[in-house]
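Beneath this line is the structure, given in structure tokens, with notes to follow.
Nothing in this text is a laboratory measurement; each read-out follows from the coordinates by a stated rule. Owing to the predicted nature of the structure, the values given are computational and were not obtained by experimental measurement. Here the Cβ positions follow ideal geometry from the backbone for every residue, glycine too, while neighbour counts run over all protein chains shown.
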Amino acid sequence: MARRPILGVEFLLFMDTRWFRNSFIWLIVMVFVLAIAFQVFRGQSSTTKSVTMTGPGSFIAKLQQDVTSGHPVTVTQDGSTVTLDDNSGTKYQANIGEVLDIQQVLNDNNIPT
């Protein structure tokens, strides 16, 4: 009497190799997708530095330096936060308080507007 292979064992062995092959392919696909997503999102972010309003290395010092050297800058105010974008990929943020206006701060520091 010849031994017949058990159908369930053959099926499980076949599924194990097939599952292993498919999971390896999906792992490679996911690594590529994550690598592409990381490169896309990393390139879109800009560096924002939080600085003080006055003093050395401050918002006003950076603004005066850019204005005197002739670099175009963009200054925006959102509530009590002021942002300086010097078009180099770095943005500088400072808190000017609830009472002050950026126009007043620039005039007080002799920065042309």
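Extent of segment 55-113 along its three principal axes (Cα atoms, max minus min coordinate, largest first): 30, 24, 21 Å. Just to be sure I understand the model, the point goes 7 Å from the Cα along the line to the Cβ. What's the resulting Ser58 to Gln104 distance in nm? Reported label-point gap for Ser58 and Gln104 is 1.6 nm. If R0 is taken as 22 Å, the Cβ-Cβ distance between Gln39 and Thr83 corresponds to a FRET efficiency of 0.25.
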